[in-house]
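Enquirer: Once you've had a glance at the structure underneath, I'll fire off some questions.
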Amino acid sequence: MRAVLCGYYGKGNSGDEALLATLLQMLPESVTPVVLSGDPERTKKQYGVEVCDRNNSLAILSTFQTANAFIFGGGSLIQDSTSALSPIYYAGLMGLAQQMGLTTIAWSQGIGPLKRPFTRWMARQTFAGCSDVSVRDGGSAQQLKDWNVDCLLAPDPVWALDAIPYEPLELPGPRIAVCLRPHPSLTPERLSRIGDALVSLQESSGASILLLPFQPVQDRAIAQQLKAQLTGPCQIIEVEDPRYLKGIFQQVDMTISMRLHGLIMAAAEGNRCYALSYDPKVNRLMEETGIPGWDLAALPDSFAEIAQVWQEQFDEGKALSQQQIQSLRDRALMHRDLLHQTLS
């Protein structure tokens, strides 16, 4: 059994790399994966798998001709908020795989936002043609139900990603990790306010600040701006392997994150968390786990108010219990069970 794995892989986004690492971890041993990647050499070196350039149409067609299955490998692939071209690319590949008779699986999907009638129609057709579908949140499950498409609902599979312990951090404890990313809702004024709040939080808590760019090419400039603003112990760490990135959170006490998988990794490793939401997928996680946070558009006007809320979370906030974490991990393994049932 040869399976083509398709996602936002090889693009330097740690969240999507975490989904790939988890998918590879969950595949049946009898399946040989072939990963469509934006950086084939790096993906091959990092995971030891067969690869195909996701931008080479002829290579993709040749890969499909030798494959038995095609797997949408997790994440918000079918959405048109960032680009109308993204759902066309992914739905086009899925449609081609279906036409060529491959077993097709949409795995751990987060569906939407879908603002355009054409992309909504295309998404409905794509998911309806799949052999199996699993989703990672209730909103996506409801969308498929509205389209009369059966699916499995289970937590994001990264809850079950096996972390690898990271080398001991030089920063003194306690430690607060911060994961921000560019987005129109993170205006320069809001970013400056967050920076001022972090300065105040660091002074009142005595914590070191660990800045983690999940997609360095996008996030690094924000991390550098915050580092220049902070006055206490602070470090920027960039990690390519998502298993080591998840391991970093084993040495962190609290995490403030826009990134969905920053929150999931941190919560899975026992951190107290605070979300800054820029996307419905973050709100869904907050609702389903009880992680507190703000929509960025509703960020308080006073940096002192932000710092006070974060200080309260640092002092008195609760991490998920071990029972909650184990439950999320166990239920996330339902995505693995679907793969084994369909591909074995």
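Taken together, the values in this text are just the output of simple stated rules run on the coordinates, not laboratory data. Keep in mind that this is a model prediction, so the values were computed, not measured.
Enquirer: Could you give each residue of segment 212-229 its phi-based ³J(HN,Hα) in whole Hz, using Karplus coefficients 6.51, -1.76, 1.60 with θ = phi - 60°, and x for Gly or Pro?
Expert: With coefficients 6.51, -1.76 and 1.60, one gets 10, x, 6, 10, x, 4, 9, 8, 4, 4, 5, 4, 5, 5, 5, 4, 5, 7 Hz.
Enquirer: Out of all DSSP beta bridges with both ends in the chain, state the antiparallel percent to the nearest 5.
Expert: 0
Enquirer: Under 5 Å between amide H atoms, partner at least 5 residues away or on a different chain: which partners does residue 11 have, H built in plane at 1.01 Å?
Expert: Result for residue 11 returns 38.
Enquirer: When the Cα centres of segment 263-298 and segment 186-201 are compared, how far apart do they sit, in Å?
Expert: Cα centres, segment 263-298 to segment 186-201: 18 Å.
Enquirer: Let me ask something else. Let me know the shape class of the chain, please: from the alpha-carbon gyration tensor, a ≥ b ≥ c as square roots of the eigenvalues, rounded when a/c is under 1.5, otherwise prolate if a/b is greater than b/c, or oblate.
Expert: prolate
Enquirer: Does segment 83-149 come out rounded, prolate or oblate by the C-alpha gyration tensor, with a ≥ b ≥ c the root eigenvalues, rounded set by a/c under 1.5 and, if not, prolate when a/b is larger than b/c and oblate if not? Before the final figure, lay out the partial values.
Expert: Working: a/c = 1.74, a/b = 1.15, b/c = 1.52.
Since a/c reaches 1.5 but b/c is at least a/b, the shape of segment 83-149 is classed as oblate.
Enquirer: Sticking with this one: Within the set 115/145; 11/145; 145/281, which residue pairs have Cα atoms separated by over 22 Å?
Expert: Numbers: 115/145 18 Å; 11/145 32 Å; 145/281 18 Å.
The pairs that break the limit, which is 22 Å between Cα atoms, are 11/145.
Enquirer: Using alpha carbon centroids, what distance separates segment 91-124 and segment 8-73, in Å?
Expert: Between the Cα centres of segment 91-124 and segment 8-73 lies a distance of 18 Å.
Enquirer: Another question, then. Given H placed on each backbone N at 1.01 Å, which residues far from residue 273 in sequence or on other chains put an amide H within less than 5 Å of it?
Expert: The list, which skips near neighbours in sequence, is 255.
Enquirer: Taking a cut-off of 19 Å between Cα atoms, list the aspartates and glutamates near residue 246, but don't count ones fewer than 8 places away on the same chain.
Expert: The reachable aspartates and glutamates, counting only those whose Cα sits under 19 Å from residue 246, are 16, 17, 156, 162, 167, 170, 219, 238, 269, 330.
Enquirer: With θ taken as phi - 60° and the coefficients 6.51, -1.76 and 1.60, list the Karplus ³J(HN,Hα) couplings across segment 51-57 in order, rounded to whole Hz; mark glycine and proline as x.
Expert: Taking θ as phi minus 60°, the curve returns 9, 8, 5, 5, 9, 9, 4 Hz for segment 51-57.
Enquirer: Turning to a different aspect of this structure: Show me the three semi-axes of the equivalent ellipsoid for segment 175-327, from the C-alpha gyration tensor (sqrt of 5 times each eigenvalue), largest first, rounded to whole Å.
Expert: One finds semi-axes of 21, 17, 16 Å for segment 175-327.
Enquirer: What residues have an amide H closer than 5 Å to that of residue 135, excluding those fewer than 5 places away on the same chain, when H is modeled at 1.01 Å from N in the peptide plane?
Expert: 108, 109, 152, 153, 154
Enquirer: Once phi is turned into θ = phi - 60°, what whole-Hz ³J(HN,Hα) does the Karplus curve with 6.51, -1.76 and 1.60 give for every residue of segment 332-342, x standing for Gly and Pro?
Expert: Calculated HN-Hα couplings, in order: 4, 5, 4, 5, 5, 4, 4, 4, 5, 5, 8 Hz.
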